[in-house]
Amino acid sequence: MRFIMNITLQIIILSTSTLLAEESTFAKNTTTRPNQLNTTYSNLNSEMIPSLVKSAKYSGSLDFCGSRIPIEIHDVRERLERELLLILWDRAQVILWIKRASQYFPHIDKILKEYGLPLDLKYVAVIESGLRAHAGSNKGAVGTWQFMPGTGKDYGLRLDDNIDARKNLIESTRAACDYFRKLYIRFNSWPLALAAYNMGENGLAREMALQEVYDYYKLYLPLETQRYVLRVIVAREIMEHPAKYGFNFSREDYYPVLNFAQVTVHCPTRIPITLIAKAAKSYFKEIKDLNPEIKGYYLDPGRYSILIPQGMDKIFYQEFSKELSRYQSAASQYQTSPSQKESSISSGQNRNLVQQSNNNRYHIVKNGESLTGIAQSYGLSFDALLRLNNFTSKSVIHPGQRLIVRP
């Protein structure tokens, strides 16, 4: 027992000596290299995130769209700080906002300037959708500016089987500007205009009349609307002063500005999106990403404004004409009636053509076949086959009909 205690005591003494030696070495190094230590501390400090308590403190005045925010009113300040703290809590979301803004804000700013509207309004799109074209709400609002179907149509946005222009950045931004301008003329206040954008102009007007209050910050409104304008203000504050809130970006961290060329496409017949992609020396996904408003895989006959990769407009029309001729030539081979096709296929005629189609992208429907069976034979899901051919679950097929079975 005494032997064990002696060993333990020796270990403690040795450990203490080692720690003292390391402390002496550290002190020696810090005295001989003070500049290096200061540099290390400075780098570490630059990456530190300000505390939430510090971030919530405002000094001086604050305004939005040229309208002063009365933060001296306790209720306003409390609501503002609440939104600031909640948004800062999700730092990943804020980082994505800032990165996406570098892609889309130049285009939004240009349109706001054309309309003579405050540039602060672009932050409405941040709160509405996070600058995501495909964002949607459970109430049916869609797109960067979250237009409801009826409101979108009222402001000139195309909504049909082919196009949902609420997802088009340029067109929906112009529609939003028209709506903002109308709301401002009616309420003569940007905070009230934004509140109306959120809850509806008639609903806001009714609340103002009932309460006999005409100041957004003093109105008792639905909780979502009470938060809405302040969330837009906080988004502007953080995104215009990111370093203040611990978001330190280098030039390489930002996403590049979205660049594109715009072409007008006249479709004489129903054509696949892949035809446009080929004419633009591009691919299906890139065309869909540039034009999120396009539904499905086809465009029906008509006129369309399409975005394509920058610089490809110089060759597009010539290439489109070539691709359209090829497509129409191939389609003409299948323009006989279903009964004629069924007869020729059953009698063995054009069997080579059918086999060639099967090996490529198409399947020629035979008597007795169903969509479910065809999908299974090509390793497709039923829904995938419907999407490829722009069908619904109620669509009927006929012998001799050509179906796309590979994208």
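Select from the stretch 297-314 the residues that are aliphatic (A, V, I, L, M) and either surrounded by fewer than 18 Cβ atoms within 10 Å (Cβ to Cβ) or farther than 15 Å from L275 by Cα (or both) and list them in ascending order. Spell out how you get there, then give the answer.
The initial filter retains those residues of the stretch 297-314 that are aliphatic (A, V, I, L, M), namely 299, 306-308, 312.
Hit for the stretch 297-314 is M312, nothing else.
Is it true that L230 is free of Cβ contacts under 8 Å to residues at least 60 places away in the same chain and more than 20 Å from S325 (Cβ to Cβ)? Even if it seems obvious, please write down each step before you answer.
Values: free of Cβ contacts under 8 Å to residues at least 60 places away in the same chain: no; more than 20 Å from S325 (Cβ to Cβ): yes.
No.
Please go through the stretch 294-317 and give me each residue that is farther than 15 Å from T264 by Cβ and touching a strand residue (DSSP E or B) at 6+ places or on another chain (Cβ under 9 Å), ordered by number.
K295, Y297, Y298, D300, P309, Q310, G311
What about P292, is it modelled with pLDDT under 85 and in contact with a His (Cβ under 7 Å, 6 or more places away or on another chain)? Even if it seems obvious, please write down each step before you answer.
On the way: modelled with pLDDT under 85: no; in contact with a His (Cβ under 7 Å, 6 or more places away or on another chain): yes.
So P292 does not fit the description; no.
Which ones in the stretch 150-198 are under 13 Å from L121 (Cβ atoms), buried (at least 21 other Cβ atoms within 10 Å of the Cβ) and touching a residue at least 40 places away in the same chain (Cβ under 8 Å)?
Scanning the stretch 150-198 gives T173, A176, F180, W190, P191, L194, Y197.
Identify, please: which residue in the stretch 269-296 is over 21 Å from Q310 (Cα atoms) and of a type in the set (K, R) and is, among those, surrounded by the fewest Cβ atoms within 10 Å (Cβ to Cβ)?
The residue in question is R270.
Looking at the stretch 80-116 only, could you name the residues that are more than 19 Å from A243 (Cβ to Cβ) and touching a Lys or Arg at 6+ places or on another chain (Cβ under 7 Å)?
So the first thing to find is which residues in the stretch 80-116 are more than 19 Å from A243 (Cβ to Cβ), and the list is 80-83, 86, 103-104, 106-116.
Correct list: E83, I108, D109, I111, L112, Y115.
Answer yes or no: is there a residue in the stretch 248-261 that is in a loop (DSSP other than H, G, I, E, B) and touching a Pro at 6+ places or on another chain (Cβ under 6 Å). Spell out how you get there, then give the answer.
Of the residues in the stretch 248-261, the ones in a loop (DSSP other than H, G, I, E, B) are 248-250, 254-260.
With touching a Pro at 6+ places or on another chain (Cβ under 6 Å) added as a condition, the list becomes 257.
Checked against the condition, which is being in a loop (DSSP other than H, G, I, E, B) and touching a Pro at 6+ places or on another chain (Cβ under 6 Å), the stretch 248-261 yields at least one hit.
Looking at the stretch 103-189, what helices (runs of 4 or more DSSP H) fall wholly within it and have at least 3 residues that are among the basic types (K, R) and more than 19 Å from the chain's Cα centre (by Cα)?
Values: elements: 122-129, 149-154, 169-187.
In the stretch 103-189, the matching helices (runs of 4 or more DSSP H) lie at 169-187.
Among the residues of the stretch 56-111, count how many are touching a strand residue (DSSP E or B) at 6+ places or on another chain (Cβ under 8 Å) and touching a residue at least 40 places away in the same chain (Cβ under 8 Å). If you could, list the steps in order and put the result at the bottom.
Step one: list which residues in the stretch 56-111 are touching a strand residue (DSSP E or B) at 6+ places or on another chain (Cβ under 8 Å), which gives 61-62, 69.
Subset that is touching a residue at least 40 places away in the same chain (Cβ under 8 Å): 62, 69.
Selection size over the stretch 56-111: 2.
Have a look at F320, F382, F391 and point out the one that is at pLDDT 85 or above and surrounded by 13 or more Cβ atoms within 10 Å (Cβ to Cβ). Full working, then the answer.
Numbers: F382 fails: at pLDDT 85 or above; F391 fails: at pLDDT 85 or above.
Only one candidate qualifies: F320.
Filter the stretch 199-215 for residues that are surrounded by 15 or more Cβ atoms within 10 Å (Cβ to Cβ) and over 32 Å from the mean Cα position of the chain (by Cα) and give the result.
Residues satisfying the conditions are E207, M208.
Within the stretch 85-102, track down each residue that is of a type in the set (D, E, K, R) and under 12 Å from the mean Cα position of the chain (by Cα). Show your work before the answer.
Just the residues of the stretch 85-102 that are of a type in the set (D, E, K, R), to begin with: 90-91, 99-100.
Scanning the stretch 85-102 gives K99, R100.
Just wondering, is there one or more residues in the stretch 130-147 that are surrounded by 16 or more Cβ atoms within 10 Å (Cβ to Cβ) and more than 30 Å from T392 (Cβ to Cβ)?
Yes: one or more hits.
With respect to the numbered conditions (1) in a helix (DSSP H, G or I); (2) closer than 24 Å to F391 by Cα, which one is the sole condition not fulfilled by Y317?
(2)
The values are calculated or read from the model by the stated rules, or taken from the named source; none is laboratory data. Remember, predicted model here, so these are calculated numbers, not experimental data. Quick reminder, even Gly has a Cβ in these numbers, built from the backbone with ideal geometry, and neighbours come from all protein chains shown.
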